[in-house]
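Here's the structure, in structure tokens; my notes come after.
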Amino acid sequence: MKDRGRLKKMLPAGFGAMAAAILAISCYRVMIAGPLAPVLKERHTIYMLAEVSVVFLWNVLWLSGTGRRRLQAAGVLTGLFVFTWCHQIFLPVVVSGLYMILLTAIGRWALSLFLGDIYLPPAGEFSMGLVLGSALWMVVVCLVSMTGHGGLKLWRLIAAGLALLAGAGQLLRKKEATFRFTFQNIWLPRKKHEAWLLAFIITMVLLQAGRMNTELDYDSLHYGLRSAFVLDNGKGIYENLGMINLVYTYSKGLEVLLLPLSGTPTYGFVLAFSLWASVGVLLLIYHMVSAFEGRERGLLAAALGAAVPGIMNMAATAKNDMVTLLHQLMIYYFLSQALTQDKKKDKIPWLLMAVSAYLLTMVYKPTALVFSTALGAAAVLCLVLTRRFTLGSPRGWLLLVLPAGAVTGLWYRTYQMTGVPVTSIFAGFFERLGFTVTYPFAFTHVIGDPRALNTGEKLARLASRIGEMLLAPVSEDMDHVIIAWGSGLITFLLFVWIVGAWRNKGREAVKALDFFDRMLIPSLGLVCVTSIFTLSQVDGNYFILFYALLIVSSLRMLDTGSEGGEGEAGLRSRGRVFGLKRKLYLILLPFLICSVPLTCATGWAGNPGFTQPRLKHKGYFDHRAAAEKRRALRGYSQLALCFTPRTRVLAFGKHPEVLELPCCVQSYYDVTGSGGNVYLVKKLAYFEDFLQYAGTEYFFVESGYLADQPRALQMIEDMIAEGSLRDLRYEWGNMVARVTLGGPAPKEPQQAVAQFHEKYSMQGYR
């Protein structure tokens with residue numbers, strides 16, 4: 001008892017001192033004297049912070065200012081409408097949300113076919129429905145594409161048909177629909193501090209919504225937002241469009257999933273889906289903590305998730321990180337449910353759905369092969385050691401049919417293009433299994449030259465990188481980390497987790513789950529360290545699964561060594577043991593406050609500020625019109641009219657901005673840069689062989705671009721001289737030329753080249 005009393009006094013003080021030290025170091029080195037200091041002084045950032053403050057206060061006012069729940073809901077919903085409308089994202093948010101509901105409904109219908117009418121908690125119903133619905137959609141797209149048919153109109157028509165089918169299936173069910181509003185357990189708050197936490201969560205989600213129209217990142221512009229041109233250009237996803245770069249060979253799970261939302265005047269419908277995925281992530285974090293530790297701590301966990309820039313900054317991008325994280329958390333959630341079930345028959349659906357979610361992550365992001373597999377391996381080992389492993393029933397295994405079909409169909413696309421089912425760093429693995437990478441692809445140097453550093457240098461770099469990621473990623477090596485950083489909050493929670501894992505002996509009901517956490521967090525940590533050691537460039541988004549699960553595990557494991565039951569009563573009891581209930585909020589509050597300017601000053605695209613507020617618009621931001629204005633400013637608006645959506649173009653211009661041309665375009669950088677194959681431009685004959693393979697119809701050459709590209713300039717001159725480039729057109733120094741390989745040479749080749757030099761401008765646009 002004396003030791004317990006001493007610990008009760010010392011632990012909160014130790015946590016507080018640790019938190020203060022981490023905050024002081026990280027805030028000073030990053031936001032006061034570091035790279036974010038000038039960003040925080042910019043006018044756009046200041047306005048952004050001011051608006052975020054107003055949004056937060058508005059939500060606090062309505063969530064805590066009245067006991068009339070309908071009035072509370074009306075006030076919050078009004079704020080949501082005004083904010084999203086003014087920042088031109090209202091319609092995309094609504095449509096994307098409805099589309100996610102559609103996928104979930106389709107999946108719930110499919111689940112009823114496999115398992116009949118079974119009761120599921122709201123989180124389980126949403127998760128299972130989304131996994132199966134997404135898999136079903138991917139299978140449909142793959143099957144239709146194999147017939148040579150496709151196009152966005154067809155996918156929208158099929159989506160509407162599936163919606164009707166799912167609706168009819170729901171009506172025909174014997175039992176009343178069990179699908180419930182997922183917010184039912186947290187909407188609306190019951191206590192003042194719950195209102196503040198929920199207001200913070202809503203504000204951080206809206207922060208990402210407000211910036212997504214204008215913060216278009218490199219990867220999104222490169223491939224994520226161009227599915228209408230580079231994935232399905234009218235004949236399905238299996239058509240070879242001649243795209244060379246690595247990014248076009250990914251499994252494309254998210255892009256296939258969002259085909260009905262693609263090809264519109266706005267990118268918002270695609271971007272908003274990631275926003276809804278982030279909401280799903282926060283809801284799952286809430287549920288997985290509140291189920292064991294009570295509502296209050298669940299809300300705290302969701303607020304901590306919303307406070308991590310590394311997680312939330314991926315909500316305003318078309319990259320697949322957020323949807324991958326959502327499905328990885330579903331794996332963990334399904335496993336958590338299985339580990340806490342007593343009966344074998346109750347475990348089976350959860351375990352099989354964990355496998356289903358695992359399979360689906362394989363088609364979202366290549367790195368899921370590492371991180372999802374690490375999660376799955378730890379789960380299998382835990383299930384075996386705790387004697388909870390079971391293979392299930394033959395009928396239950398039908399749950400795997402759709403996810404397995406999705407993986408097969410999408411991996412087949414990659415195999416058909418490249419000769420291997422998965423590219424990126426995994427191409428070498430499949431080559432060792434007997435696969436052969438086909439022309440014109442090359443994946444040998446996608447992670448940098450391993451010989452560039454010796455082992456000692458790599459270890460020194462590893463130590464430096466880990467130190468910076470824990471406290472302050474301010475060096476040049478950390479440019480891609482700070483925009484998706486876990487922040488000092490993750491460092492503090494890692495300390496909390498270690499203490500909790502050391503002290504917690506586990507209650508009988510969750511002993512297996514606690515054992516799983518003790519295996520999983522170190523395993524994922526080791527995978528993160530290995531990636532930091534191996535990769536020449538480290539991106540912060542690689543580690544968001546570790547961040548999310550650390551939040552869940554640390555808050556769930558902390559203080560569970562006490563006697564106490566489940567839910568809020570158990571939370572109160574555990575809070576009394578270490579004296580942490582109130583102090584925990586006080587310790588974590590500075591992290592929440594500091595996360596706001598940190599998130600505002602960072603972003604995957606690196607563009608601070610919100611979309612400019614407007615009241616009069618169509619409900620969305622018109623990216624197509626904005627791109628047309630940019631082309632006019634750059635002086636090639638008329639040249640762009642030469643192309644149809646199916647025209648295959650090789651663009652010599654600034655990457656990825658030049659990819660905004662409304663056609664099937666890839667850039668010269670796609671060929672020669674990262675993820676390409678520079679060997680293809682070593683000789684003109686090699687380059688022309690590639691152009692023939694790709695079916696390239698036109699060159700577009702942006703003014704000024706060739707001034708720094710002597711090899712490209714030489715090849716264009718040679719092709720003009722030999723007659724492989726004809727019908728040259730110019731506009732303000734920009735050029736379009738028709739590719740005619742094997743055509744007759746011009747009568748006066750030198751004059752043709754001289755005319756090119758006369759009309760093409762080596763000076764870029766101003």
Legend entry - strands (runs of 3 or more DSSP E) enclosed by segment 645-734 - at least 3 residues per element that are in contact (Cβ under 8 Å) with a residue 24 or more places away in the chain and under 36 Å from the mean Cα position of the chain (by Cα): 648-652, 664-667, 698-701
Legend entry - Lone unmet requirement of (1) at pLDDT below 95; (2) farther than 23 Å from GLU660 by Cβ; (3) outside any helix (DSSP H, G or I) for LEU216: (2)
Inset, instruction - Give me the pairs, please: first residue somewhere in segment 388-405 and surrounded by 17 or more Cβ atoms within 10 Å (Cβ to Cβ), second residue anywhere and modelled with pLDDT under 85, beta-carbon distance under 8 Å, and either six or more positions apart or on two chains. - result: ARG388/LYS347; ARG388/ALA512; GLY392/ILE348; GLY396/PHE114; GLY396/LEU115; GLY396/ILE348; LEU399/PHE114; LEU399/LEU115
Inset, instruction - Determine whether ILE311 is crowded, with 23+ Cβ neighbours inside 10 Å, within 14 Å of the chain's Cα centre (by Cα), assigned to a helix (DSSP H, G or I) and of a type outside the set (Gly, Ala, Ser). - result: yes
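Just for segment 314-334: of the residues that are of a type in the set (Val, Ile, Thr) and assigned to a helix (DSSP H, G or I), which one is nearest to LEU513 (Cα to Cα)?
Taking the candidates together, the pick is ILE331.
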Inset, instruction - May I ask you to verify whether TYR223 is assigned to a helix (DSSP H, G or I) and without any contact (Cβ under 8 Å) to a residue 40 or more places away in the chain? - result: yes
Legend entry - Flag if ARG108 is of a type in the set (Lys, Arg) and crowded, with 18+ Cβ neighbours inside 10 Å: yes
Legend entry - Which listed residue is modelled with pLDDT of 70 or more and either loosely packed, with under 15 Cβ neighbours inside 10 Å or outside the structural domain of PRO122 (by TED's automatic domain parsing) (or both), from LEU206, LEU165, LEU154: LEU165
Inset, instruction - Report, ordered by the first and then the second residue, all pairs with beta carbons closer than 6 Å, sequence separation of six or more or different chains, a first member in segment 279-297 that is closer than 17 Å to TYR547 by Cβ, and a second member that is at pLDDT below 95 and of a type outside the set (A, V, I, L, M, F, W, C). - result: LEU283/THR182; TYR286/GLY298; VAL289/ARG297; VAL289/GLY298; VAL289/ARG556
Legend entry - From VAL55, VAL30, VAL60, residue being surrounded by fewer than 20 Cβ atoms within 10 Å (Cβ to Cβ) and part of a helix (DSSP H, G or I): VAL60
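Table: residues versus (1) crowded, with 20+ Cβ neighbours inside 10 Å; (2) modelled with pLDDT of 95 or more; (3) in contact with a helix residue (DSSP H, G or I) (Cβ under 9 Å, 6 or more places away or on another chain).
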position	(1), (2), (3)
VAL323	yes, yes, yes
GLN328	yes, yes, yes
TYR332	yes, yes, yes
LYS347	yes, no, yes
TRP350	yes, no, yes
ALA379	yes, no, yes
CYS382	yes, no, yes
THR386	no, no, yes
Inset, instruction - Give segment 475-493 a look and list any residue that's buried (at least 18 other Cβ atoms within 10 Å of the Cβ), in contact (Cβ under 8 Å) with a residue 60 or more places away in the chain and either hydroxyl-bearing (Ser, Thr, Tyr) or assigned to a helix (DSSP H, G or I) (or both), or say none. - result: MET478, ILE482, SER487, GLY488, LEU489, ILE490, THR491, PHE492, LEU493
Inset, instruction - Go through segment 435-474 and give me each residue that's modelled with pLDDT of 90 or more, surrounded by 12 or more Cβ atoms within 10 Å (Cβ to Cβ), assigned to a loop (DSSP other than H, G, I, E, B) and of a type outside the set (A, V, I, L, M, F, W, C). - result: THR438, TYR439, PRO440, PRO473
Legend entry - Subset of segment 88-139 [over 27 Å from PRO265 (Cα atoms) and part of a loop (DSSP other than H, G, I, E, B)]: GLY116, ASP117, ILE118, TYR119, LEU120, PRO121
Inset, instruction - Residue by residue through segment 16-72, note down the ones that are more than 23 Å from HIS87 (Cα to Cα), hydroxyl-bearing (Ser, Thr, Tyr) and within 28 Å of the chain's Cα centre (by Cα). - result: SER26
Legend entry - Residue tally, condition surrounded by fewer than 23 Cβ atoms within 10 Å (Cβ to Cβ) and in a loop (DSSP other than H, G, I, E, B), over segment 267-297: 1
Legend entry - Qualifying position, being touching a residue at least 40 places away in the same chain (Cβ under 8 Å) and surrounded by fewer than 22 Cβ atoms within 10 Å (Cβ to Cβ), among VAL94, VAL82, VAL76: VAL76
Inset, instruction - Please work out if ALA316 is crowded, with 24+ Cβ neighbours inside 10 Å, small (Gly, Ala, Ser) and in contact with a Lys or Arg (Cβ under 6 Å, 6 or more places away or on another chain). - result: yes
Legend entry - Residue list for segment 715-764, restricted to those being β-branched (Val, Ile, Thr) and in contact with a Lys or Arg (Cβ under 7 Å, 6 or more places away or on another chain): VAL736, THR740
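The values are calculated or read from the model by the stated rules, or taken from the named source; none is laboratory data. In this text, all values refer to a predicted model and were calculated from it rather than measured experimentally. FYI the Cβ positions are ideal-geometry reconstructions off the backbone, even for glycines, and counts take in every protein chain you see.
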